[in-house]
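> Let me give you the structure first, and then I'll get to my questions.
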Amino acid sequence: MTLVVGLHGAHDPSVAAVVDGELVFALEDERVNRYKHSMRTPALVPPGRPNFPVVASRSLPGYSLVLLERFLEKEYGLRVKDADVIAVTGIRRKWYVLDIVRRRPWKWKATYTVGLSYTARKVSPVRYIYETEKMIKKETALLRKMNSFAREVSLAEADPGSADVLEDEKKGVKKYLRKLSSAVSTLSPLLGILGRGYWEAFFPGVAETDWVHVDHARKLMKAFLGYELPREKFVVVEHHLAHAATAYYFSGHSTMTVVTADGAGEYQSTVVWSVRDGEFEKVLELHVRDGSLGIFYEGVSYCIGFTEYAEGPGKAMGLAPYGKPNERYRKVMESLLKVYDEGADRPFELAPAKLLEGYYIPYLEKAGCCIFWNPRERPMNEEAADLAYELQRRFEEAYLTLSMWAKKHVGSPYLGLSGGVALNGKGNMVIHYSKIFSDVFIFPGANDAGISIGAAAWAYEHVLGKKMKNVRIRSAYWGFPYGEEEVRSALKLAKDLGFKVEEVGDAAVLAEDLVKGKFYAIYQGRAEFGPRALGHRSLVADPRKREHWERMNEVKGREWWRPLAPSLLLEDADYFFKDPVEAPFMILMLKYKDENKCREVPATCHVDMTARPQTVTREIDAQWYGLIKEFKRLTGIGLIMNTSFNMGGEPLVETPVQAVLSYAFMFGLSGLWLEGYLITK
């Protein structure tokens, strides 16, 4: 038996396991630590649950690693330390900005910025290096402060271990911080660039501070698993290569065109790959400074008023159909993003000088494109909607041109998409309906959480010399399999809270109440991987009533205008949608056939007559299929409204106990169906 473990740190940390060429486990740490994208400083969780003090760090997938260990022991009699290889992805730092300075120092008036702040100052290149080093020192100090905090947590399923292990982890963090500090400007601003971390920044293609990645992972295992492995067991996999591996190894194709696009990974942001029999060749590589569709979209989303980390682009995409063409905003978008054609040496180019000024925000502000409004207010701000419309329009033009360029220069009729940009379901729809490729595969965990999977798959073939099974995936239920004990604990909690608990059997019993206008939460089996609820951690309702759209958003605490998605029987996809394909992951949007179809299911039809559907089969999920089938028997409609089981701003629920607690705090739900039991207040 061959085992490869994949680890990803930084934002959206995750773990994955490949056994004998097959993905058997994948989990995002946010599901367990309960902080979306694992970015926030932790706080106290609700009292009355098992407590254990832990060290908080946004970049470590510690809790999910413990669950992986439990899974391997239960299913295979193995532990993480038994892995043949542990594949670690790059923990991205700020080096790519220094590379910008290196490329054209005689022209750039570089700017110093942190995150999405638009308080950037123009400075000379040398001064910029100095300021950047100061920034890294500040980040180091912040990390040290973060790790000084402990909190009480209720993670009985992911107990990190004893207090002794915790103390060892604290020592490891301190040692790592000393190493990081010594690598940046401890002697002088100019000598700092000769440190190991900056050396890779000045020579793109050299692995970025591998020792930091590996030591991070080793200390993580010491803290959460109680043992430390030798460095020789680890391999570091390039960020975009890991993205490309997810798009290829789970597509079912031996030859593919692969496009990976995101905000930034090391120094790249967009890469076109030719993949043949597992060999990855870069055909095009665009630098962050002028090739980042992710930064373009996120920066403009910020100016539309969506300032939450990694949440803005999704909201802007949902807002865009409410807008209308706006000549002024169009000219601004076109000035930022130049789109060429498939015959050019590159498909598009961003304005790099404006990028340096903090995600384009100062430039957009000067152009009158920063809109201050409350996204929850009524009526909707028309200017915000128009800007979102022009942002999405320009993005789609560049995204489609990128796919056309890739087809022309690679030639394969099969396209694989990954990277955070591939979460834009509307852009994926444009590629689908263009018919440029005969098949388009989009990995369900296209964002950075998915690269632990890609790293493990790539290492299985390219480090161990074996072959992945490369079968087209049709489900993403790769989370931890909670058993009867965890379910009993959740049912006991429900009873202690005064809820009624009744054993009812299959989820299909909910269909009759859905017809009556009731809303339910559903919890079953292993969790979905990726940002979409696919019937295992879902909220459901009748899509035939238009008022259910706003009502469900109110239940979740979301903006009233945000669209909701349908889950439907695969055999009914052709009834509702134009040119449908099997779409099990809610990552590809489709167009409804006509207005009559939208009138049948108005709660899941967006204002532009599109939806982001999940097609469902009995073979993949009998419970989920059975519910929709019974709803169809009662109504004639083989489609239900499905949205994620979580409150606004939270990750999807993970454990049975979390499901009960979330249900307890959510108003407007008639009940929670949990593994055959119906819980009602």
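> If packing is taken as the mean number of other Cβ atoms within 10 Å per residue, what is the order of 375-381, 615-621, 325-331, highest first?
Per-residue Cβ counts within 10 Å, averaged per peptide and sorted highest first, yield 615-621, 325-331, 375-381.
> Then there's this: Using θ = phi - 60° and the Karplus form 6.51 cos²θ - 1.76 cosθ + 1.60, what ³J(HN,Hα) does each residue of segment 643-652 get, whole Hz, x for Gly and Pro?
After applying 6.51 cos²θ - 1.76 cosθ + 1.60, I find 9, 6, 7, 5, 7, x, x, 10, x, 4 Hz.
> Counting only protein chains, not ligands or nucleic acids, how are ARG474, ARG218 ordered by accessible area (probe 1.4 Å), most first?
Result, largest first: ARG474, ARG218.
> What is the extension gain from GLU382 to VAL24, computed as 0.36 nm multiplied by their sequence separation minus the C-alpha to C-alpha distance, in nm to one decimal?
Additional length available on full extension: 124.2 nm.
> Taking R0 as 51 Å, what's the FRET efficiency between PHE667 and HIS409 from their Cβ-Cβ distance, rounded to 0.05?
0.45
> Something else: Can you tell me, using C-alpha contacts under 8 Å and at least 6 residues apart, the relative contact order of segment 359-484 as a whole percent?
18
> With each label point set 7 Å from Cα along the Cα-Cβ vector, what nm distance links ARG488 and TRP373?
With each label point 7 Å from Cα toward Cβ, the separation is 5.5 nm.
> Just how much of ILE436 is accessible, in Å², when a 1.4 Å probe is used and the result is rounded to the nearest 10?
40
> In terms of modelled amide H atoms, which long-range or inter-chain residues lie less than 5 Å from the amide H of ALA583?
Placed amide hydrogens put THR615 under 5 Å from ALA583.
> Once label points are set 7 Å from the Cα along Cα→Cβ at both GLU342 and LYS74, what is their separation, rounded to one decimal in nm?
4.8
> Could you go through segment 237-246 in sequence order and give the Karplus-derived ³J(HN,Hα) for each residue, using 6.51 cos²θ - 1.76 cosθ + 1.60 with θ = phi - 60°, rounded to whole Hz, and x for Gly and Pro?
After applying 6.51 cos²θ - 1.76 cosθ + 1.60, I find 10, 4, 3, 6, 5, 5, 4, 4, 5, 5 Hz.
> Give the calculated FRET efficiency between GLU571 and LYS366 to the nearest 0.05, with a Förster radius of 56 Å applied to their Cβ-Cβ distance.
So, using R0 = 56 Å, E works out to roughly 0.55.
> Label GLU582 and ARG276 with points 7 Å out from Cα along Cα→Cβ: what is the distance between them in nm?
About 2.8 nm, to one decimal.
> Separate question: For a quick check: with amide H placed at 1.01 Å from N, whose amide H comes under 5 Å from ALA541's, ignoring anything fewer than 5 positions away on the same chain?
Amide H neighbours of ALA541, under 5 Å, 5+ apart: MET641.
> Then there is this: If I take every Cα pair under 8 Å that is 6 or more residues apart in segment 278-384, average their sequence separation and divide by the length, what percent do I get for the relative contact order?
With pairs under 8 Å counted, the relative contact order is 36 percent.
> If R0 is 45 Å, what FRET efficiency do you get for SER335 and ASP594 from their C-beta distance, rounded to 0.05?
For R0 = 45 Å, the calculated efficiency reads 0.75.
> Mind running the shape call on segment 336-441? Use the C-alpha gyration tensor, a ≥ b ≥ c as the square roots of the eigenvalues: rounded below 1.5 for a/c, prolate if a/b tops b/c, oblate otherwise.
Here segment 336-441 falls in the oblate category.
> Using a ≥ b ≥ c from the Cα gyration tensor of segment 505-635 (square roots of the eigenvalues), is it rounded, prolate or oblate, where a/c under 1.5 gives rounded and otherwise the larger of a/b and b/c decides, a/b for prolate?
Rounded, because the longest to shortest axis ratio a/c is under 1.5.
> Separate question: By the gyration tensor of its Cα atoms, with a ≥ b ≥ c the square roots of the eigenvalues, what is the shape of segment 473-537: rounded for a/c under 1.5, prolate for a/b over b/c, or oblate?
It is oblate, given that a/c is not under 1.5 and a/b is not larger than b/c.
> Could you tell me the relative contact order of segment 420-573? Use alpha-carbon pairs under 8 Å, at least six residues apart, and round to a whole percent.
After rounding, I find 18 percent.
> Another question, then. Would you please give the residues with an amide H less than 5 Å from that of ALA565, counting only those at least 5 places away or on a separate chain, with H modeled from the backbone geometry?
For ALA565, the qualifying residues are ASN642.
> List, in order, the whole-Hz ³J(HN,Hα) value for each residue of segment 603-618 obtained from phi through the Karplus relation with A = 6.51, B = -1.76, C = 1.60 and θ = phi - 60°; use x for Gly and Pro.
Couplings: 6, 10, 10, 6, 5, 9, 6, 10, 7, 10, x, 10, 8, 10, 10, 5 Hz.
The values are calculated or read from the model by the stated rules, or taken from the named source; none is laboratory data. All values derive from a computational prediction rather than experimental measurement. So basically every Cβ, Gly included, is an ideal-geometry build from the backbone, and we count neighbours across all protein chains shown. Just the protein is used for accessible areas: all its heavy atoms, side chains included, with ligands, DNA and RNA removed. Shrake-Rupley method; radii C 1.70, N 1.55, O 1.52, S 1.80 Å.
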